[in-house]
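See structure below.
The values are calculated or read from the model by the stated rules, or taken from the named source; none is laboratory data. These numbers were taken from a predicted model, which means no experiment stands behind them. Here the Cβ is made from the backbone with ideal geometry for all residues, glycine too, and neighbour counts use every protein chain on show.
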Amino acid sequence: MKRSVFPGLAALVVTLMVGILCSQSGCERSTSAPKAELGDAPPDVDFDFTRMNQTMRMTYVYRLAANPQEFEGKKLRFAGTFLTRVDEADGKRYFGCLMGESGGCSCCSPGGVMEFEPKETYNWPEGFPPVQSRIVVSGTLKIVEIAGEIETYRIPRLAEADILVRVGGALKAM
């Protein structure tokens, strides 16, 4: 029988992912780009996290972690730091955006890691920014179910994601 993970567990997983990334990368503050430099949000974006202040962003990140089905099928936009890793078990490469203005760790930036699946037009590594680059990513939220030993986990992920990076003073598609 499939059942949803307790909503608080999802929020805990997001918090732990940020903590693990912080412990591996250190905690360094960097200056954030003014919101005006993020470019205009596309008109089809339902939730633009790049335009939210820290309090609003944290509120929506918690809502997303606790109740992802509320956002399923909606187009979301995030700014943050580009991350990638390979799962040693199956060899699959995963991509993520460490959300937050500073691009640092949880003590410096409000947010978590949003996993995304880039559009098929992206080829690793040529079509991607350098790891830990500042990016803006947008895509449609889908919920991926992963069967565990005891229960099924529901993981939010951006599908068909577009990646933007800063070139000079403007955001450009990768």
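I need the full set of residues from region 119-134 which are farther than 27 Å from GLN54 by Cβ and either modelled with pLDDT of 85 or more or surrounded by 17 or more Cβ atoms within 10 Å (Cβ to Cβ) (or both), in order please. Before you say what the answer is, go through the steps one by one.
Taking region 119-134 and keeping what is farther than 27 Å from GLN54 by Cβ, we get 119-128.
LYS119, GLU120, TYR122, ASN123, TRP124, PRO125, GLU126, GLY127, PHE128, listed by residue number.
Looking at region 119-139, which of its residues are touching a residue at least 60 places away in the same chain (Cβ under 8 Å) and touching an Asp or Glu at 6+ places or on another chain (Cβ under 6 Å)? Spell out the reasoning first.
Here is the first cut: in region 119-139, the ones touching a residue at least 60 places away in the same chain (Cβ under 8 Å) are 132, 134, 136-139.
Answer for region 119-139, where residues must be touching a residue at least 60 places away in the same chain (Cβ under 8 Å) and touching an Asp or Glu at 6+ places or on another chain (Cβ under 6 Å): SER138, GLY139.
Which ones in region 128-151 are in a loop (DSSP other than H, G, I, E, B), under 18 Å from the mean Cα position of the chain (by Cα) and not hydroxyl-bearing (Ser, Thr, Tyr)?
First, the residues of region 128-151 that are in a loop (DSSP other than H, G, I, E, B): 128-133, 148-151.
Those still in the list that are under 18 Å from the mean Cα position of the chain (by Cα) too: 128-133.
Hits for region 128-151 are PHE128, PRO129, PRO130, VAL131, GLN132.
Does PHE95 count as part of a strand (DSSP E or B), at pLDDT 95 or above, surrounded by 19 or more Cβ atoms within 10 Å (Cβ to Cβ) and touching a strand residue (DSSP E or B) at 6+ places or on another chain (Cβ under 7 Å)?
Against the criterion (part of a strand (DSSP E or B), at pLDDT 95 or above, surrounded by 19 or more Cβ atoms within 10 Å (Cβ to Cβ) and touching a strand residue (DSSP E or B) at 6+ places or on another chain (Cβ under 7 Å)), PHE95 qualifies.
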